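Encoded as structure tokens, here's the structure I'll be asking about.
The values are calculated or read from the model by the stated rules, or taken from the named source; none is laboratory data. Bear in mind the structure is a predicted one, so any value in this text is a computation, not a measurement. Glycine gets a Cβ as well: all are built from the backbone with ideal geometry, and neighbour counts include every protein chain shown.
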Amino acid sequence: MKEIVKIANGQGFWGDSIDAPVNLIKYGKIDYLTLDYLAEVTISIMQKQKLKNPLFGYAKDFVDLIVNNQDDIRKNNIKIITNAGGVNPVECAKAIKLKLKNKSDFKIGVVKGDDIYNNIDGLINSGQSFRNLETGEDISLIRNKITSANVYIDSYCIKDALDKGADIVLAGRVSDPGLTLGPLLYEFDWKNNDFNKLASGTLAGHIIECGAQCTGGNYSKWYDIENLSNIGYPIVEVYPDGNFNVTKPKGTDGIINKLSISEQVLYEMGDPKNYISPDVCVDFTSFNLIDNNDNTVSIKNVKGFKATDTYKVSISYFSGYKSSGQLTISGPHAYKKAKYVSKIFWDRLKLAGYDFNNKNTEFLGFDSCHKKMNHKYSGSNEIVLRLSVKDSDKQKVERFGKEISPLITTGPPGITGFAGGRPKAQEVISFWPSLIDKKIVNTTVEIL
Amino acid sequence: MKIKLGSIASSRSGDKGKNTNVGVIFNSQEAYDWSKKYLSSLMVKEYFSDFVKGDVLRYELDNLLSLNFILEDSLGGGGSDSLLNDAQGKTYGQAILLMEIDFPNKLKEYINE
């Protein structure tokens, strides 16, 4: 058994830095590199891509990352754990294999069983209610509009893949912290009743799952950080007893201290005494956080308790159309003018016979983020007017987009910044959080 | 004395479905102890009243000198439904640091500028 396992995160979401994972691979002093590509909306986009072409439905960036860095990954003996497989991990694995110099270089462990989209009717008919966790509503409300359905499966599927010799574990909807917990289950053979250890691994994963948000990104005291340009992405060094350190590659920018880690622990937190993952429930008020004052912190004594009998299911569904457009309004009385422009804008749509399920007017540069909370008007020279609508009728949303550009020549003076053409009607994908009995979910691993 | 919350604390916020969480991390044990008594969920609900349509819940994390506030139904719908510029509540953490509080004079050594 290893005395310490080093796990890095090089991707906090699809769209995160493309250099971060490459830098960690080249840095080399890590055992595992975790990469998180999936947000809830990402999966529904992938499901749509797969419907159009059965070979698609995964994070294509990941294929390039492996292919372009295959020599360094091998040389530095790094295993990769990722959810980049989206709703089509098999095709993702095949695409990688196709481009490798030597197809036998990497064993890819493909995790299956999280994607229940094609089986959702069967599951409903067999008695799974999929009642909305937040509203209590019945699934029948959205049943014919579902665009994706994925179970947040537990992290033992990652261990299974590693047990079978995988160099790359390619999953779909595993939990974000599970990307870190999975290799720890494999390395340290933690059992499913080692609650405190499972909780430690889950906390370690929670801290690094958003990439540089624990190493100086989004840090309240940003002005105290010497430099953020070459920000280092995080590494956890985990011991067999579950205690761990958070660190980053030597020579990188950013900061790791008690505050940077505390802020990230709190990110997207609900009840801190009961953080529910597929593997364990974690008490985030339990542990000790020690600042080593050298850009590392140590975390000890994390407490956990038994996991629930259900997995969370993320169902997405089509819920209409939306559109937003912006204009820059400059010069004397910019705010007064912007308010006037919004009035005539909505008046004109009304005169043309259009009303919307939902509409919104915001003044960027004035109060869009904080409304009256920080209402000290500084007499700003320019304001961005942002107009938005949502409606079930696509034609109405498209009509909204056509009403913006005329304001440049038919309103008060000093209006500009209308670039990129008429805003289009975008499909809105909404989320339906629910639960499923653990007993009826089967995950499998296929080695390619 | 009247000060901004940002003189005694830091923060981070993010979305949870239709809700936002705003974590507030205090610079000192003394400021944290004060906050546990005086920084109520009701004050936070009032402060964010332009956005919050549901309740505000408050949790304590003694180990991190932190309070975690859940602002229910505060994003005009879930992430992709929302028409707000800040559809994920990313900026609410910065907003709460500008909240004016009545902080005791005798604790003024714990105020950072």
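Of the residues A:K94, A:K52, which is modelled with pLDDT of 95 or more and over 29 Å from A:S200 (Cα atoms)?
Only one candidate qualifies: A:K94.
Could you tell me whether the stretch A:277-284 includes any residue that is over 24 Å from the mean Cα position of the chain (by Cα), at pLDDT 95 or above and within 20 Å of B:N68 (Cβ to Cβ)?
Within the stretch A:277-284 (the criterion being over 24 Å from the mean Cα position of the chain (by Cα), at pLDDT 95 or above and within 20 Å of B:N68 (Cβ to Cβ)), the answer is no, since none of the residues qualifies.
For (1) hydrophobic (A, V, I, L, M, F, W, C); (2) more than 9 Å from chain A (Cβ to nearest Cβ), each residue gets a yes or a no:
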residue	(1), (2)
B:T20	no, yes
B:A31	yes, yes
B:V52	yes, yes
B:L64	yes, no
B:L75	yes, yes
B:E100	no, yes
B:P104	no, yes
B:K108	no, yes
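Tally up the residues in the stretch B:20-65 that are farther than 16 Å from B:A95 by Cα, in a strand (DSSP E or B) and more than 10 Å from the chain's Cα centre (by Cα), please.
4
I would also like to ask the following. Would you mind finding the one in A:I43, A:I120 that is in contact (Cβ under 8 Å) with a residue 40 or more places away in the chain, within 23 Å of A:P433 (Cβ to Cβ) and outside the structural domain of A:Y27 (by TED's automatic domain parsing)?
None of the other options fit; the residue is A:I120.
Continuing with this model, one more query. Show the residue pairs that are 6+ apart or on different chains and have beta-carbon atoms under 6 Å apart, the first residue being within the stretch A:354-373 and more than 7 Å from chain B (Cβ to nearest Cβ), the second being assigned to a loop (DSSP other than H, G, I, E, B).
Hits for this filter: A:G365/A:S380.
Which residues, taken from the stretch A:66-87, are crowded, with 24+ Cβ neighbours inside 10 Å and either without any contact (Cβ under 8 Å) to a residue 24 or more places away in the chain or in contact with a Leu (Cβ under 9 Å, 6 or more places away or on another chain) (or both)?
Matches in the stretch A:66-87: A:I66, A:I80, A:I81, A:T82, A:N83, A:A84, A:G85, A:G86.
Return the residues of the stretch A:121-143 that are under 27 Å from the mean Cα position of the chain (by Cα) and either within 14 Å of chain B (Cβ to nearest Cβ) or among the small types (G, A, S) (or both); say none if nothing qualifies.
A:S129, A:N132, A:L133, A:E134, A:T135, A:G136, A:E137, A:I142, listed by residue number.
Could you please give the count of residues in the stretch A:221-245 that are more than 14 Å from chain B (Cβ to nearest Cβ) and not in a loop (DSSP other than H, G, I, E, B)?
Of the residues in the stretch A:221-245, 7 are more than 14 Å from chain B (Cβ to nearest Cβ) and not in a loop (DSSP other than H, G, I, E, B).
A further question on this structure: From the list A:G127, A:G165, which residue is more than 26 Å from A:M269 (Cα to Cα), in contact with a Lys or Arg (Cβ under 6 Å, 6 or more places away or on another chain) and either in contact (Cβ under 8 Å) with a residue 12 or more places away in the chain or not in a helix (DSSP H, G or I) (or both)?
A:G165
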